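Participant: Structure below; questions to follow.
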Number of protein chains: 4
Amino acid sequence: MLNPDNHSAILLIHCRDRKGLVATVTRFLAEHNGNILEIDQHVDEQHGVFFMRAEWDLTSFEIPDQAIAERFKEEVAEPLNLSWQLYFTGRTPRMAVFVSKYAHCLHDVLARYSSGEWKVEIPLIVSNHEDLRPLAEKYDIDYHHIPVTRDTKPEAEHQQLALLREHDVDFIVLARYMQILTGNFVAHYPAGIINIHHSFLPAFPGARPYHSAYRRGVKIIGATSHYVTEELDQGPIIEQDVIHVNHRHSVDDLIRKGRDLEKIVLSRAIWHHLQRKTLVFENRTIVFQ
Amino acid sequence: MLNPDNHSAILLIHCRDRKGLVATVTRFLAEHNGNILEIDQHVDEQHGVFFMRAEWDLTSFEIPDQAIAERFKEEVAEPLNLSWQLYFTGRTPRMAVFVSKYAHCLHDVLARYSSGEWKVEIPLIVSNHEDLRPLAEKYDIDYHHIPVTRDTKPEAEHQQLALLREHDVDFIVLARYMQILTGNFVAHYPAGIINIHHSFLPAFPGARPYHSAYRRGVKIIGATSHYVTEELDQGPIIEQDVIHVNHRHSVDDLIRKGRDLEKIVLSRAIWHHLQRKTLVFENRTIVFQ
Amino acid sequence: MLNPDNHSAILLIHCRDRKGLVATVTRFLAEHNGNILEIDQHVDEQHGVFFMRAEWDLTSFEIPDQAIAERFKEEVAEPLNLSWQLYFTGRTPRMAVFVSKYAHCLHDVLARYSSGEWKVEIPLIVSNHEDLRPLAEKYDIDYHHIPVTRDTKPEAEHQQLALLREHDVDFIVLARYMQILTGNFVAHYPAGIINIHHSFLPAFPGARPYHSAYRRGVKIIGATSHYVTEELDQGPIIEQDVIHVNHRHSVDDLIRKGRDLEKIVLSRAIWHHLQRKTLVFENRTIVFQ
Amino acid sequence: MLNPDNHSAILLIHCRDRKGLVATVTRFLAEHNGNILEIDQHVDEQHGVFFMRAEWDLTSFEIPDQAIAERFKEEVAEPLNLSWQLYFTGRTPRMAVFVSKYAHCLHDVLARYSSGEWKVEIPLIVSNHEDLRPLAEKYDIDYHHIPVTRDTKPEAEHQQLALLREHDVDFIVLARYMQILTGNFVAHYPAGIINIHHSFLPAFPGARPYHSAYRRGVKIIGATSHYVTEELDQGPIIEQDVIHVNHRHSVDDLIRKGRDLEKIVLSRAIWHHLQRKTLVFENRTIVFQ
């Protein structure tokens, strides 16, 4: 039986900007009887680069799903020298969640998962601690405890990568995972690891940002979700938000209030990623609407 | 010498949604060697209506400015049965400002005007009071005092309309103008009169919304900019914003804090209008990005 | 063993405003060797009413806990004709949660509860549907399914009130409970029933506010937490917040985005209530800082 | 004739925290028949320091204005070893504005000044450029052009300080003044120079923060108002705010949108300062409510 969700496809495109790009891509879709559901484009004028996201209904599209990539490549992508990605909304992405001891982001992720807000599978949760196993068990999700020390990190990451492959994981969410991933690990998932950092980056990168925020006497605190790159807290930002605080708020208050920001900002970033609305270029994230 | 601003054109389009619309419009632009600067589209699925805004560089566009409307009509609009508007960024819009006694919105408008933030002409300010004449004079703008009472309103509006015609006014900003316009007046400027209301509509329409907000004990206050229609405070909303308040704030505090919201929200709405990013349909405002 | 939380007391006071009130209350605390941890006062100038919240450390306070009320009454409250409430932070409040079918607010409440963010007991969850029983069971909380129809409402409320008494419940949270409580029920818990409404009240009271918001074309949506009174959605507001939306958002998008607002706003209101920072007067809520 | 504003006094206090401080201060006011209008206190638990702001009506206060300082010193401040400041709302503070070329903050300051929103005198505007003289002249405020180069800075500051003394200036607002003040200059106005920086500090201190924000791909931009200290952009923060941006916004868009933040955030900081609601301790600003 056909699920309506099986019926759309998404193209993410970027290339050197020039005339006629929108016309060429949309003509390809129109000529094969595709009904565009959403289209959004952007030109980075500084770099002269064109970006586009197009989503179209496959119901009466005349190219069968399995042939679309080939036909698009031949008819559009190669002639125009496009970089492109093709997704089908009918395929449910598989997401791994990495956690340490803080529960709030995991709670929020699992609540959305279990209520069907997101179209996603969570085949496993990975942690360097045992603390959140009971929470994972409430939702019947495999929980893998892989301790990490400075010395065992390479071996631990090796185990993690094996698990991710085994579970056919598409992308990873670091839901307050308190370990720094190596460049080697990150290289396996380019623009595929979403972190939440508990400050409005680039302010207060690294450890204990709420303590630093308190000391600096800021009047806002924030949270930042970004794709992980090799450099700590330097990756392309997907989503940020802040709330107002004042001199009455202790560090504990900042931590408490910040938790709400962290979980909401992380979940918004996951939403954008799941909708295939993100495209990374030059360490900036385009978030299509 | 050519001003770069003289070189782009904007099309606002809406029609019944169907396949191939983006392709057809963008092909028209591409075939005549137009470089699309920005394109945005939207489908109202409830009404089955397609909306689009396209802005393109005229520098090497092969159809001369004065012929674009005709050619677009023949080649695209009539065959597809589109509703459309065409604007040239080279033409500076002419805006009238209506005020009563409150100065803050007028101050904000004139500051932006005088510093060149907006590409707009302000040929005249109209008021039912004399109070703001000195402010208008600081900026050398004609100030017309047209008193309005219940009895004289038809005659006053007649005078106002004559002035607007005489000064070739494109659109009107009610910068805390404390008179209700008649349906007859409004009909002369459909989607062409921008009001600022000092509440988050639809809450607290009509008079003294800060007093009502205080009495209701709300924890936020807001401001709403909308196009004026015949029904008071019911027109399509362009922009809204709020700030947090608490039990300590007296009505005077709400009024003081609200002024900042009002001026910023009104100025954002004017900006969208000046960029030709707004399109009204079924009492809702599409604000293209 | 003494828990540090056992060592403070909170006074909420209101009375006709006059000179010397702060001095009298604080002298009472100082004379008995109480160390003030927090003090906040407010004067409603319109009604001429004085409000105060004082929290003080009981560690070296010279009046034993069980005698404080009597002594305060004799030495301060009766001479000054104060209305007052006394709380000890050592006593954990007991909260009932009422739900229907929507899970997001209950998820959020239970996550905070289980992680110890709030000092509260949740002895029971009451619902007019079975849907959320599995969620309650994840957290080992009694779940009482009491169906409600127009005809059975009096009997259903009778059962509910019996359960609340039996479980010694201090206050009730309506976490998207989709039934209107009768005035009789509400009268049992004055300023003791916290609701979350999915709009920025007073806009869009009653049913289906996101549909109304969509139709009106608002550029913000909001959520409001308030104490329940006999009139639907008219009770004193504790907390409100909004987010920006635009013409692209369908009703489903508004509902999805609104869920995040609802849960956060409700949880902030519960936090204020648990801290004994709220005091209702003339249908407005004072939220001490 | 007496102006109601002439009738209140404000005490700002800080000292080592201990029992009875609120009681002692409020008893002093009550015993002399002072009616407290507002009182707010705060304890910095980390440093063990107590802060308090009390404002009281002088109408029937039994100590004459000119004797209050002496009596408070004898009866309260010396016995308790308090640091304190006393202000009378009847005295209008005198504010100098320093500008360079950007007009938006000066526009906003002058609009509020001329409309009577603030109780303040602006005896002079100082600038290192001629550009904003016409704007100053619109409001009949003396405009002093004092060019500053690396070599002439000491002499320029010497001239500035002489002007400030001559005009009896209480505090200085740097309304996008693009020169760094020396430590010597700053030392003349401790917690008396209010700057607006166009980023959410501590992110992007120094020059061209919007360019840096663009490059980093942040999803929010902000503005920060702080008291100037010897270290650039490191002073105690009074007020901050942010707005959301996205990948579509060019550096010019960030600058344009940021202007609105800058002027509002600066004006809020000035408001707090004028209300004598700020107290600086350990590079943090307490902003009493």
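Participant: I want to make sure I understand the PRE zone here: with the label point 7 angstrom from the Cα of residue A:168 toward its beta carbon, which residues in the range A:96-128 have backbone N atoms less than 13 Å away?
Facilitator: A:121-123
Participant: Quote the relative contact order of the range D:8-88 in percent (integer), defining contacts as alpha-carbon pairs under 8 Å separated by 6+ residues.
Facilitator: Values: 124 pairs, mean separation 36.5, N = 81.
It rounds to 45 percent for the range D:8-88.
Participant: Could I ask something else about it? Which residue, A:276, A:53, A:91, tops the fluctuation ranking in a GNM of chain A built on C-alpha contacts under 10 Å?
Facilitator: Sorting by GNM fluctuation, first place goes to A:91.
Participant: Please give me, ordered by residue number, the GluC sites (Glu not before Pro) of the range C:226-287 that lie in loop per DSSP and have at most 14 other Cβ atoms within 10 Å. Mind dumping the intermediate values first?
Facilitator: Details: sites: C:230, C:231, C:239, C:262, C:282; in loops: C:230, C:231, C:282.
Hits after loop and neighbour filter: C:230, C:231, C:282.
Participant: Okay, moving on. Can you figure out the FRET efficiency of residue B:15 with residue D:69, using R₀ = 51 Å and their beta-carbon distance, to the nearest 0.05? Working shown, then result.
Facilitator: On the way: r = 76 Å, r/R0 = 1.48.
Efficiency computed from Cβ-Cβ geometry: 0.10.
Participant: Something else about it: Convex hull over the Cα atoms of chain D, averaged projected area in nm²?
Facilitator: Details: hull surface 68.3 nm².
Convex hull of Cα atoms, orientation-averaged projection: 17.1 nm².
Participant: Using 0.36 nm per residue, how much length does the chain from residue D:159 to residue D:207 gain when fully extended, once their Cα-Cα distance is taken away?
Facilitator: Working: separation 48, 0.36 × 48 = 17.28 nm, distance 2.55 nm.
Gain on stretching residue D:159 to residue D:207: 14.7 nm.
Participant: Beyond a 18 Å Cα-Cα separation, which of these cross-linked pairs lie in this structure: A:263/B:219; A:277/D:219; B:138/B:257? Could you put the intermediate results ahead of the total?
Facilitator: Values: A:263/B:219 24 Å; A:277/D:219 15 Å; B:138/B:257 26 Å.
Going by Cα-Cα distance, A:263/B:219; B:138/B:257 fall outside the 18 Å limit.
Participant: So, one more: Have a look at A:128, A:283, A:160 and report the one farthest towards the positive end of the charge dipole of the range A:95-287, computed about the Cα centre with Cβ charges (Lys/Arg +1, Asp/Glu -1).
Facilitator: Farthest towards the positive pole: A:283.
Participant: For labels at residue B:78 and residue B:215 in the simple 7 Å Cα→Cβ model, what's the distance in nm?
Facilitator: Label at residue B:78, label at residue B:215, 5.9 nm between them.
Participant: Same structure, new question: Once the Cα atoms of helix C:104-114 and of chain C are each reduced to a long axis, what angle between those two axes, in degrees from 0 to 90 to the nearest 10, is obtained?
Facilitator: Helix C:104-114 and the main axis of chain C meet at about 40 degrees.
Participant: Which chain D residue sits with its beta carbon nearest the axis carrying D onto A, and how many Å away is it, rounded to a whole number?
Facilitator: So the chain D residue sitting closest to the axis is D:203, 2.
Participant: Using a/c under 1.5 as the rounded threshold, could you call the range B:83-208 rounded, prolate or oblate? The axes a ≥ b ≥ c are square roots of the C-alpha gyration tensor eigenvalues, and prolate needs a/b larger than b/c, oblate otherwise.
Facilitator: Details: a/c = 1.27, a/b = 1.14, b/c = 1.11.
Taking the square roots of the gyration eigenvalues as a ≥ b ≥ c, the range B:83-208 is rounded.
Participant: I need the Debye-formula profile for the range D:8-88: one equal scatterer per C-alpha, no solvent, reported as log10 I(q)/I(0) at q = 0.23 1/Å, two decimals.
Facilitator: The Debye formula, applied to the Cα set alone, gives -1.12.
Participant: Measuring label to label, 7 Å along Cα→Cβ, what does residue C:283 give against each other copy in nm, shortest first?
Facilitator: The answer, with the shortest distance listed first, is 2.5, 5.0, 5.6 nm.
Participant: Counting pairs of alpha carbon atoms under 8 Å apart in space and at least six apart in sequence, what relative contact order in percent does the range D:204-289 give? Show your work: numbers first, answer last.
Facilitator: Numbers: 114 pairs, mean separation 24.1, N = 86.
Across the range D:204-289, relative contact order equals 28 percent.
Participant: Return the loop-located GluC sites (Glu not before Pro) in the range B:107-148 (DSSP other than H, G, I, E, B) with at most 11 other Cβ atoms within 10 Å of their own Cβ; answer none if there are none.
Facilitator: Values: sites: B:117, B:121, B:130, B:137; in loops: B:117, B:130.
Within the range B:107-148, the qualifying GluC sites (Glu not before Pro) (loop, at most 11 other Cβ atoms within 10 Å) are B:130.
Participant: Right, another one. For residue D:152, go 7 angstrom from Cα along the Cα-to-Cβ vector, then report the distances to that same point in the other copies in nm, smallest first.
Facilitator: Nearest to farthest, the other copies are at 5.5, 6.9, 8.8 nm.
Participant: If each of residue B:62 and residue C:32 carries a label point 7 Å out from its Cα toward its Cβ, how far apart are those two points in nm?
Facilitator: 9.3
Participant: To the nearest 20 debye, what charge dipole does the range D:94-158 have about its Cα centre, counting +1 at the Cβ of each Lys and Arg and -1 at the Cβ of each Asp and Glu?
Facilitator: Working: 8 positive and 11 negative charges, 33 e Å.
Charge dipole of the range D:94-158: 160 debye, to the nearest 20.
Participant: Further, regarding this structure: Can you list the HN-Hα couplings for the range C:85-90, worked out from phi with the Karplus curve (6.51, -1.76, 1.60; θ = phi - 60°), rounded to whole Hz and with x for Gly and Pro?
Facilitator: So the Karplus estimates, Gly and Pro as x, are 10, 10, 10, 10, 5, x Hz.
Participant: Quick check: the angle from helix D:21-31's long axis to the longest principal axis of chain D, C-alpha only, nearest 10 degrees?
Facilitator: Roughly 60 degrees between the two axes.
Participant: Report the calculated FRET efficiency for residue C:256 and residue A:234 (r = Cβ-Cβ distance, R0 = 41 Å), to the nearest 0.05. Could you put the intermediate results ahead of the total?
Facilitator: Values: r = 31 Å, r/R0 = 0.75.
So the FRET efficiency works out to roughly 0.85.
Participant: Relative to the first principal axis of the alpha-carbon coordinates of chain C, what is the inclination of helix C:251-274, with its axis defined by its Cα atoms, in degrees from 0 to 90 and to the nearest 10?
Facilitator: Helix C:251-274 and the main axis of chain C meet at about 20 degrees.
Participant: With every protein chain kept in the model, how would you rank B:71, B:150 by accessible area, 1.4 Å probe, largest at the top?
Facilitator: B:150, B:71
Participant: Could you tell me the relative contact order of the range D:95-287? Use alpha-carbon pairs under 8 Å, at least six residues apart, and round to a whole percent. Before the final figure, lay out each step's value.
Facilitator: Values: 338 pairs, mean separation 37.1, N = 193.
Normalised by residue count, the contact order of the range D:95-287 is 19 percent.
Participant: Please state the charge dipole magnitude for the range A:240-284, taken about the Cα centre, from unit charges on C-beta atoms (+1 on K and R, -1 on D and E), reported in debye and rounded to the nearest 20. Could the numbers behind the result be given before it?
Facilitator: Numbers: 9 positive and 6 negative charges, 37 e Å.
That gives a dipole near 180 debye.
Participant: Tell me which GluC sites (Glu not before Pro) from the range B:8-85 have a DSSP coil assignment and no more than 16 other beta carbons within 10 Å of their own.
Facilitator: Numbers: sites: B:31, B:38, B:45, B:55, B:62, B:70, B:74, B:75; in loops: B:45, B:62.
Here the GluC sites (Glu not before Pro) that fit, given the DSSP loop and packing criteria, are B:45, B:62.
Participant: Inter-copy label distances at residue C:231, 7 Å along the Cα→beta-carbon direction, one decimal in nm, shortest first?
Facilitator: Label-point separations across copies, in nm and ascending: 2.3, 5.5, 5.9.
Participant: Could you rank C:47, C:273, D:158 by how accessible they are, 1.4 Å probe, largest area first?
Facilitator: Values: C:47 80, C:273 20, D:158 115 Å².
Highest to lowest solvent-accessible surface, that is D:158, C:47, C:273.
Participant: Oh, and also: What FRET efficiency comes out for the pair residue D:150/residue C:246, r = Cβ-Cβ distance, R0 = 41 Å, nearest 0.05? Write out the running numbers ahead of the final one.
Facilitator: On the way: r = 48 Å, r/R0 = 1.18.
That pair, residue D:150 with residue C:246, gives E of 0.25.
The values are calculated or read from the model by the stated rules, or taken from the named source; none is laboratory data. Computed from a predicted model, the values in this text were never measured in an experiment. For neighbour counting, all protein chains shown are included, and Cβ atoms are generated from backbone atoms with ideal geometry for every residue, glycine included. The accessibility values were calculated without ligands, DNA or RNA, using every heavy atom of the protein model including side chains. Shrake-Rupley method; radii C 1.70, N 1.55, O 1.52, S 1.80 Å.
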